[in-house]
Amino acid sequence: MSDPQQVGDLEQALLERAERLAAEYRQRGQHSAERIVAEGEERLRLRKEKEVLVAKAESERLYGRRVQAADIRLQGELDRLRWTLVTAALDGLDAELDAIAEDPTRYPAVLKALVRQGVEALNGQPLVAQLNARDRRHYAEEWSALVAEVAAPGQEITLDEKTLSCGGGVLLRTPDNRIRIDNTFEGRRERLAETLQEEVLERLFAPALVA
């Protein structure tokens with residue numbers, strides 16, 4: 001499997017995981033939304049029964065104000081519910097990335113693919129690589145072999161003694177720090193953030209809108 005395909009597979013796995021989590025949280029959200037709507041309708045019904053006991057004009061005026069206020073509160077509750085479900089689904093993706101980083105059968109190939117992609121983007125310049133503390137301990141002794149495997153002959157990639165606070169992946173930079181490619185999990189997650197949010201929102205709420 002080619003490195004771009006490995007990276008693409010990682011991102012596709014995140015999107016597929018987002019779809020599964022979104023479907024799960026959408027089902028939960030539908031029940032919560034139905035309960036909120038039912039409570040709102042019951043409050044309005046009780047208010048209406050009370051208001052019909054007074055003069056019709058005054059009743060309609062007060063009822064209109066209260067319906068409007070109830071609608072605003074209801075919309076606010078639904079908006080908070082939507083955001084809670086989206087956040088929960090995206091948190092599940094972070095757990096998926098953590099699982100990849102802890103999987104010795106998957107993570108080495110993913111890390112090499114991320115290093116190779118960054119090297120190719122920087123056109124063979126001398127580079128400095130930063131890993132998290134766990135990966136630096138694991139790959140320090142075999143770093144030269146890893147570089148030889150993912151870079152062109154003669155490519156210089158120094159392993160920085162300073163470590164990153166990240167779940168996995170690599171940050172590559174020029175020695176003067178003027179050019180940086182953040183291929184850490186968090187960096188790629190951030191670049192995919194808009195796409196992931198759109199995917200989760202679509203999976204959570206598009207079926208309800210169609211219905």
| On full extension of the chain, what length is gained from ALA109 through ARG61, given 0.36 nm per residue of separation minus the C-alpha to C-alpha distance? | 10.5 nm
| message | Percent of Cα-Cα pairs more than 16 Å apart in region 103-211, please. | response | 62 percent
| field | Kirkwood-Stokes translational diffusion coefficient of region 159-208, alpha-carbon pairs, 25 °C, 0.890 mPa s, µm²/s | value | 188 µm²/s
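Quick note: the coordinates plus some simple rules give every number you see, no bench work behind them. Here the structure is a predicted model, which means the values were calculated and not measured.
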